[in-house]
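Peer 1: Sharing a structure with you now.
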Amino acid sequence: MKQTKYKRILLKLSGESLQGKQNYGHDVEVLRSYAEQIKRIQEMGTEIGIVIGGGNIFRGIQGADRGFDRVKGDQMGMLATIINSLALQSALESIGVKCK
């Protein structure tokens, strides 16, 4: 396997990208593809920190437009981020990638 020149990277993934062609939620194929790509990078010796958004589930500013308190809307968006991180963690673990 080819060695990479980077020891560590920070990968930012859009929550919206997780929905694939769907209008909402998670596309299992997108999650699987991300997991496989992350695994390949890890196998090259790179440590990966991942930041993931929650836009596929909830956006605080849109919630405010629908009558949610802005702070509550932002908190709901943060929970959506946690949901996405758990989905990605599950996809990674299912192909043997240790992560936390």
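Peer 1: Work out the charge dipole of the chain with +1 on the Cβ of Lys and Arg and -1 on the Cβ of Asp and Glu about the Cα centre, then indicate which of T46, S94, V71 is farthest towards its positive end.
Peer 2: T46
Peer 1: Right, here's the next one. Over the chain, what is the relative contact order in whole percent, taking alpha-carbon pairs under 8 Å and six or more residues apart? Can you show the working numbers first?
Peer 2: Numbers: 137 pairs, mean separation 30.1, N = 100.
RCO, the chain: 30 percent.
Peer 1: Hey, another quick one. Per DSSP H run of n ≥ 4, the term is -39500 (n - 2.57); total these for the chain, divide by its residue number, and report the mean residue ellipticity at 222 nm rounded to 500 deg cm²/dmol.
Peer 2: When only DSSP H runs of four or more count, the value is -15500 deg cm²/dmol.
Peer 1: Name the lysines eligible as straight-distance cross-link partners of K5: C-alpha to C-alpha under 25 Å, and not fewer than 8 places from it in the same chain.
Peer 2: K39, K98, K100
Peer 1: Work out the length of the dipole vector of the chain about its Cα centre, built from +1 on the beta-carbon of each Lys and Arg and -1 on the beta-carbon of each Asp and Glu, and round it to the nearest 20 debye.
Peer 2: 380
Peer 1: Provide the per residue accessible area, probe 1.4 Å, for the chain, rounded to a whole number of square angstrom.
Peer 2: 69
Peer 1: Convert 10 °C to kelvin, take the viscosity as 1.306 mPa s, use the Kirkwood radius over C-alpha pairs of the chain as Rh, and evaluate the Stokes-Einstein diffusion coefficient in µm²/s, rounded to a whole number.
Peer 2: Here the translational diffusion coefficient equals 110 µm²/s.
Peer 1: Further question on the same structure: Only sites in a loop by DSSP and with at most 11 other Cβ atoms within 10 Å count here; which GluC sites (Glu not before Pro) in the stretch 18-100 make the cut?
Peer 2: Listed in order of number, the matching sites amount to none.
The values are calculated or read from the model by the stated rules, or taken from the named source; none is laboratory data. Only a predicted model underlies this, so the values are computations on that prediction, with no experimental measurement involved. Cβ coordinates were reconstructed from backbone atoms using ideal geometry, including for glycine residues, and neighbour counts include every protein chain displayed. Heads up: the accessible areas ignore ligands, DNA and RNA and are worked out on the full protein's heavy atoms, side chains in. Shrake-Rupley method; radii C 1.70, N 1.55, O 1.52, S 1.80 Å.
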